[in-house]
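These notes concern the structure reproduced below.
The values are calculated or read from the model by the stated rules, or taken from the named source; none is laboratory data. Computed from a predicted structure; not experimentally measured. Counting neighbours? That spans all protein chains shown, and the Cβs are built from the backbone with ideal geometry, glycine included.
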Amino acid sequence: MRILYIDIDSQRPDHLGCYGYHRATSPVIDQIAREGLVCERVYTPDAPCLPSRTAFYSGRFGLQTGVVGHGGTASQPKVQGPSSRGFLDTFSDKGLAVHLQRLGFHTAMISPFGHRHAAHWFYAGFHEIHNTGKAGMESAEEVMPVVDQWLANSVAKDNWYLHINFWDPHTPYRAPLAYGEPFANDPLPTWLDDDELIRRHNAMTGPHTSLDLSMYDDQENPQYPRHPGKVNDRASMRRMIDGYDTGVRYLDDHLGRIVAALKTAGVYDDTAIIISGDHGENLGELGIYAEHATADEYTCHIPLIIKFPGGVRGARDPGLHYNLDLAPTLMDLLGGKKESIWDGESFAETVRSGKTVGREELVLSQCCHVCQRSVRWDRWLYIRTYHDGFHLFPEEMVFDLETDPHEERDLAPKRGDICREGAWRLARWHDAQMQKMALNSSDVVDPLWTVMREDGPFHANPRENRAGFQRYLARLEATGRKAGAETLRAKYRRYLPAST
């Protein structure tokens, strides 16, 4: 048995052809999808990068592992106590990769991710690790020589699991200019081709809003000419969307080389191919652009395509799943053991036969750019904000994703009933998780509150850069957003000198 896991950073499902996108971004991925299962509603429980990949390989929620941030205490796993930490920690003893090893798989990874985030636990359970060397700034043409060499040496062998990490859709959009403009004649997504929407978004505050794509300003890096500094008209909107989509198509071309290598070696049909990602991307949703910054539909929704030998072909699965559900699913499919501490639920029956199984609801978390927890069920998304990351989000938001798929109309002021149901579902989940933590952890600390105690999410934390926060307030005033600056100044006065 051979398993190839393709990990595409920042890949939105709805910008792939097999998920209905109108642009031809993904012909190779689409063909693989036609030969397997397309899971339509899979989400990371903890966004973005570091929390998501930690959840995926540990099989556990960030609330349990402690990893929910990109900096500070909550970017490190919880210290295990004497009752749970033996010679090995839980990542080295109970993670997905370790279980694949125990089933006889040679586990290999081509990714710089552990280096990028100083996440040594990401490599737990891997026999072979290739760091592509640029901490996530490498393009596909820099990853592929390592992939080509690995395949040349090992593709015909049996019982391997290979994780390959591509970064091309991740900001800054980096496909070489020589690749051309494959979407120059294709229309934008209809909802973004709107002058009024652009004007409305230009009034918003916060990192990676439309006038501040470089986080707190509109500075461009000439090394990445596809990536604009701001979106203030339809031309700059096109530049941004085309930059993202070109990154998707660029990596898809390189994926075609991998498929060709598998076919040349005669192992394509017998190789399980799983295509997914760590998180999606805000491309205008909630007024945020070119960032994975919230606990919403578009940051947390990820693709999952599974071509499994003997499994269904040409099937679609509408069930609700987390990325961490893949660990018990693979163990069921391969005859392995499922860990009792895993938070995942197997959907192996769906992979085998196409029968839909899934969860009633999902709870989604973000503590890197904002502090939010959300509940996704039926047609609804309920978002509860604890720290707004300087975007001035209200405490509660509700969106009907059937009638408002891009989260343009917050219904919370009118739908108190849905707010109450969302809050109840969130509280029910949280109570169950805290009870589980009491049995399996050395503490009973929800890491969201650790982030809040340390002055908020890492990417919106001016504790070490108060002067930078003051400069941003001045920028807001200079760019026609004085009212937002005044509201932020009043809300976050603790970050400012007493005389301000």
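I'd like to check which helices (runs of 4 or more DSSP H) are fully inside the range 1-102 and have at least 3 residues that are assigned by TED's automatic domain parsing to the domain that holds Ala156 and within 27 Å of Gly335 (Cβ to Cβ).
Details: elements: 27-34, 49-58, 62-65, 90-94, 96-102.
Filter on the range 1-102 gives 49-58, 90-94, 96-102.
Would you mind finding the one in Ile273, Ile198 that is over 18 Å from Glu291 (Cβ atoms), in the same structural domain as Lys157 (by TED's automatic domain parsing) and touching a residue at least 12 places away in the same chain (Cβ under 8 Å)? Even if it seems obvious, please write down each step before you answer.
On the way: Ile198 fails: over 18 Å from Glu291 (Cβ atoms).
Step by step, each of Ile273, Ile198 is checked, and only Ile273 is over 18 Å from Glu291 (Cβ atoms), in the same structural domain as Lys157 (by TED's automatic domain parsing) and touching a residue at least 12 places away in the same chain (Cβ under 8 Å).
Could you say whether any residue in the range 112-120 is surrounded by fewer than 19 Cβ atoms within 10 Å (Cβ to Cβ) and out of contact with any helix residue (DSSP H, G or I) (no Cβ under 9 Å at 6 or more places or on another chain)?
The answer is yes, given that some residue of the range 112-120 is surrounded by fewer than 19 Cβ atoms within 10 Å (Cβ to Cβ) and out of contact with any helix residue (DSSP H, G or I) (no Cβ under 9 Å at 6 or more places or on another chain).
Considering only residues that are over 22 Å from the mean Cα position of the chain (by Cα), in a helix (DSSP H, G or I) and β-branched (Val, Ile, Thr), which ones fall in the range 241-274?
Ile258, Val259, Thr264
Filter the range 480-500 down to residues that are outside any helix (DSSP H, G or I) and under 31 Å from the mean Cα position of the chain (by Cα) and give me whichever is nearest to Gly468 (Cα to Cα).
Residues of the range 480-500 outside any helix (DSSP H, G or I): 480-481, 492, 496-500.
Add one more test, that the residue is under 31 Å from the mean Cα position of the chain (by Cα), and what stays is 481, 492.
On the way: Arg481: 17, Tyr492: 13 Å.
Per the criteria, the residue is Tyr492.
How about the range 209-235: which of its residues are surrounded by 18 or more Cβ atoms within 10 Å (Cβ to Cβ), farther than 12 Å from Pro172 by Cα and not acidic (Asp, Glu)?
Once the filter is applied, which keeps residues that are surrounded by 18 or more Cβ atoms within 10 Å (Cβ to Cβ), farther than 12 Å from Pro172 by Cα and not acidic (Asp, Glu), the range 209-235 yields Thr209, Ser210, Leu211, Tyr216, Lys230, Val231.
Among what's in the range 318-366 and is among the small types (Gly, Ala, Ser) and without any contact (Cβ under 8 Å) to a residue 40 or more places away in the chain, pick the residue that is farthest from Ala460 (Cα to Cα). Let's see the steps before the verdict.
Going residue by residue through the range 318-366, those that are among the small types (Gly, Ala, Ser) are 319, 327, 335-336, 340, 344, 346, 348, 353-354, 358, 365.
If we keep only those that are without any contact (Cβ under 8 Å) to a residue 40 or more places away in the chain too, we end up with 340, 346, 348.
Values: Ser340: 36, Ser346: 36, Ala348: 40 Å.
The qualifying residue farthest from Ala460 (Cα to Cα) is Ala348.
What is the residue count in the range 19-72 for residues that are in contact with a Gly (Cβ under 6 Å, 6 or more places away or on another chain), farther than 26 Å from Asp455 by Cβ and in contact (Cβ under 8 Å) with a residue 40 or more places away in the chain?
The number of residues fulfilling the criteria is 6.
Inside the range 297-408, counting only strands (runs of 3 or more DSSP E) that do not spill past its ends, which hold 2 or more residues that are farther than 26 Å from Val28 by Cα and not assigned by TED's automatic domain parsing to the domain that holds Gln101?
Working: elements: 301-307, 315-322, 362-366, 371-377, 380-387, 396-400.
Those strands (runs of 3 or more DSSP E) span 362-366, 371-377, 380-387, 396-400.
Could you check the range 394-420 and list, in sequence order, the residues that are surrounded by fewer than 18 Cβ atoms within 10 Å (Cβ to Cβ) and among the acidic types (Asp, Glu)?
Hits for the range 394-420 are Glu395, Asp400, Glu402, Asp404, Glu408, Asp410, Asp417.
Looking only at the range 422-463, how many residues end up being acidic (Asp, Glu) and either buried (at least 17 other Cβ atoms within 10 Å of the Cβ) or in the same structural domain as Val67 (by TED's automatic domain parsing) (or both)? I'd like the intermediate steps shown before the answer.
We begin by selecting, within the range 422-463, every residue acidic (Asp, Glu); these are 431, 443, 446, 454-455.
Still in the running and either buried (at least 17 other Cβ atoms within 10 Å of the Cβ) or in the same structural domain as Val67 (by TED's automatic domain parsing) (or both): 446, 455.
Qualifying residue count for the region: 2.
Just to be sure before I move on: is Arg238 modelled with pLDDT of 95 or more, part of a helix (DSSP H, G or I) and surrounded by fewer than 22 Cβ atoms within 10 Å (Cβ to Cβ) in the structure I sent? Lay out the reasoning, then the answer.
Working: modelled with pLDDT of 95 or more: yes; part of a helix (DSSP H, G or I): yes; surrounded by fewer than 22 Cβ atoms within 10 Å (Cβ to Cβ): yes.
Taking the combined requirement at face value, the residue satisfies it.
Out of the range 266-293, which residues are in contact with a Pro (Cβ under 8 Å, 6 or more places away or on another chain) and among the acidic types (Asp, Glu)?
Result: Asp269, Asp270, Asp278, Glu281, Glu291.
Quick check on the range 419-442. Is at least one of its residues touching a Gly at 6+ places or on another chain (Cβ under 8 Å) and among the aliphatic types (A, V, I, L, M)?
No.
Could you list, in sequence order, all residues of the range 339-349 that are surrounded by fewer than 24 Cβ atoms within 10 Å (Cβ to Cβ) and either closer than 25 Å to Trp449 by Cβ or more than 21 Å from the chain's Cα centre (by Cα) (or both)? Give the steps one after another, and end with the answer.
Keep residues of the range 339-349 that are surrounded by fewer than 24 Cβ atoms within 10 Å (Cβ to Cβ), which gives 339-343, 345-346, 348-349.
Hits for the range 339-349 are Glu339, Ser340, Ile341, Trp342, Asp343, Ala348, Glu349.
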